[in-house]
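Here the structure is laid out as structure tokens; the discussion comes afterwards.
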Amino acid sequence: ETLQRIVSTLVNKNDEIHNFIDMLNHTISNVQVNSSNAISELDEEFDGLYSVLHEMKGSMANTIQQEEARKIQALQDQLSQCSRALESSEELLELAVQSLDIKNPAKLLEAARQIKDSVTVASAFRISLKPKVSDSMAHMMVDFALEKRMLQAVKFLPVPKAPEIDVAACLVADNCITVSWRMPEEDSRIDHFVLEYRKTNFDGLPRLKGEQHWDLIDYIKATQYTLSGLKFDTKYMNLRVQACNKAVAGEYSDPVTLETKAFVFSLDSTSSHLNLKVEDTYVEWDPTGGKGQEKIKGKENKNSNAASPKRATNSPRASARGSRDRFAGESYTVLGDTAVESGQHYWEVRAQKDCKSYSVGVIYKNPGKFDQLGKTNSSWCIHVNNWLQTTFSAKHNNKAKTLDIPVPDRIGVYCDFDGGKLSFYNASSKALLHTFRTKFTQPLLPGFMIWCGGLTVSTGLQVPSAVNTLQKSENGLSGSTSSLNNVAS
């Protein structure tokens, strides 16, 4: 047995060496290929540099030629003017010589006067005898001494250093995460940054096992980025950043973990009324009462109280919830499968436009199967009735308060369990609809009643910053919000 273990160990070691040799050969091949690629890229860069220099040379030579042509044209124009003036002067001189041979004094005097007038207006006396342009071309000379030193200083691109994430400047709000970072030292060669993130249930450094893959955001030019539209269905998010220049990416920053608190639940199909069709976070009125589904599924689904495979009783939520009867009678209700026992939480509900009647609120655990939201002292809700005419009210303990405001498309529910507060908001504008104030003495379940239509629930949402602001201002105004107070049983 000992020998067999030794031989087995040796075989394993041989396999490891073979694998290592294969890896080394593969690495050598990669080095050769990557070196060839680097040389090709180097040739391309230098060819590009030569092309730029050649283009610059042509442009500058063309400028010199244009300057030469301008100067020559100016001098030739001046030369033509001088030639015409000289020709005119010579004609006058010849006329003057001929006049000297005149013997008649009167004619001599007349000829002299004509010569005088012609000389006075002669172009020879008005022309400049100084060249309009110089023959110097010194202003067209170049000095590449600085550029030569810059070219001689060209080196391979350095690998960028790892950025540093500024945790204090990072912000988690409104289902968005804003990440800020900085470089340990200024680097003008940085072209862009890459941000990677993934959801996790572990605080602290990322773990290798049981983690999701990294999602990537590429080509970020700034040192800040906002991840928006997130669903916080885990407790934390890992984040890391790397800097990239034109050729190479640097090391990733030390990863940071940001807490992403949110309340996540699904609808509990095992306890919903038979006239409701439930799928995860959507509930719809079903006038067939599940009979159509039973016909399709056959005899094996005769027991309407059987749990859905997705809601197996060995799941944490199912075991914590325990078994209970479905809602019945006119209590067309479905509950969330996760209880609120502490903290501040927020979720939203959207009703279909053809919805005739629905209620949104919370209820203590283990209600009676005929209980309706807002009609007991253990439930709180707002109710919308679109049958005949629209009514909008807040209900608790079978007491209703009419809300004289338009019904929003989406309703936000804010539950502060420890603070004893349940508020409803217009989810779009974050305007406050109504607030209940009480002391919650038992765990709460989200509750939904519906008749004719459908509701979609959005969970994994953070408490919006606008709601937080309203809650703080509301807390500062004593008694400013009317409520239907909890009546002790």
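The values are calculated or read from the model by the stated rules, or taken from the named source; none is laboratory data. This structure is a prediction, so every number in the text was calculated from the model and none was measured. Neighbour counts are summed over all protein chains in view; Cβ atoms, including those assigned to glycine, are modelled from backbone coordinates with ideal geometry. Side chains included, ligands, DNA and RNA excluded: accessible areas come from the protein's heavy atoms. Shrake-Rupley method; radii C 1.70, N 1.55, O 1.52, S 1.80 Å.
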- Query: Ranked highest first by average number of other Cβ atoms within 10 Å, how do 80-86, 212-218 line up?
  - Reply: 80-86, 212-218
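Evaluate 2.2 N^0.38 Å with N set to the residue count of the chain, then give the Cα radius of gyration divided by it.
Compared with the compact-globule rule of thumb, the chain sits at 1.95.
What percentage of the solvent-accessible surface of the chain, computed with a 1.4 Å probe over protein heavy atoms, is contributed by carbon and sulfur atoms?
Details: 16510 of 30840 Å².
Heavy-atom surface of the chain belonging to carbon and sulfur, 1.4 Å probe: 54 percent.
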- Task: Based solely on C-alpha atoms, express the radius of gyration and the Dmax of segment 164-259 in angstrom.
- Result: 13.3, 39
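Can you tell me how much longer the chain between I127 and Q152 gets when fully stretched, taken as 0.36 nm per residue apart minus their C-alpha distance, in nm with one decimal? Could you put the intermediate results ahead of the total?
Details: separation 25, 0.36 × 25 = 9.00 nm, distance 5.46 nm.
Gain on stretching I127 to Q152: 3.5 nm.
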- Query: Where does each of T9, T435, T226 land when they are ordered by accessible area, with a 1.4 Å probe and the largest first?
  - Reply: T9, T226, T435
- How much length is gained on full extension from K57 to N19, taking 0.36 nm per residue of separation minus their Cα-Cα distance? 8.1 nm
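Express the relative contact order of segment 164-259 as a whole percentage, based on alpha carbon pairs under 8 Å and six or more residues apart in sequence.
Contact order relative to length: 36 percent.
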- Query: A162's amide H: which non-local residues (gap 5+, or another chain) put their own amide H closer than 5 Å, with H modeled 1.01 Å from N in plane and none for Pro or chain starts?
  - Reply: E251
- Note on the structure: In whole angstrom, the spacing between the Cα centers of segment 343-404 and segment 88-115 equals 126 Å
- Message: Could you check the spin-label model distance between D143 and D117? Points 7 Å from the Cα along Cα→Cβ, value in nm.
- Response: 6.2 nm
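Gain in length, S83 to N475, computed as 0.36 nm per residue apart minus the alpha-carbon separation, to one decimal in nm? Numbers along the way, then the final one.
Values: separation 392, 0.36 × 392 = 141.12 nm, distance 10.09 nm.
This chain segment gains 131.0 nm when fully extended.
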- Query: Long-range amide H contacts for L433: which residues qualify at under 5 Å (H placed 1.01 Å from N, peptide plane, sequence gap of 5 or more or a different chain)?
  - Reply: F424, Y425, N426
- Item | Size descriptor, Kirkwood hydrodynamic radius, that averages inverse alpha-carbon separations across segment 313-457, Å | 15.5 Å
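Are there any helices in the chain, counted as whole DSSP H runs, that stretch 15 Å or more along their axis by Cα and score at least -1.0 on average by Kyte-Doolittle, and if so which?
Numbers: long enough: 2-99 (144 Å, -0.39); 105-120 (22 Å, -0.26); 465-476 (17 Å, -0.90).
Counting only whole DSSP H runs, the qualifying helices are 2-99, 105-120, 465-476.
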- Item | Expected 222 nm ellipticity per residue - DSSP helices of 4 or more, -39500 (n - 2.57), all of the chain, to 500 | -10500 deg cm²/dmol
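Got the relative contact order for the chain handy, in percent, Cα pairs under 8 Å and 6 or more residues apart?
Details: 816 pairs, mean separation 56.4, N = 489.
RCO, the chain: 12 percent.
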- Restricting segment 343-411 to chymotrypsin sites (Phe, Trp or Tyr not before Pro) in coil, as DSSP defines it, with at most 15 other Cβ within 10 Å: F370, W387
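At 1.4 Å probe radius, can you tell me the per residue accessible area of segment 43-150 in Å²? All intermediate terms of the calculation are to be shown ahead of the outcome.
Working: 9040 Å² over 108 residues.
Using a 1.4 Å probe on heavy atoms only, each residue of segment 43-150 averages 84 Å².
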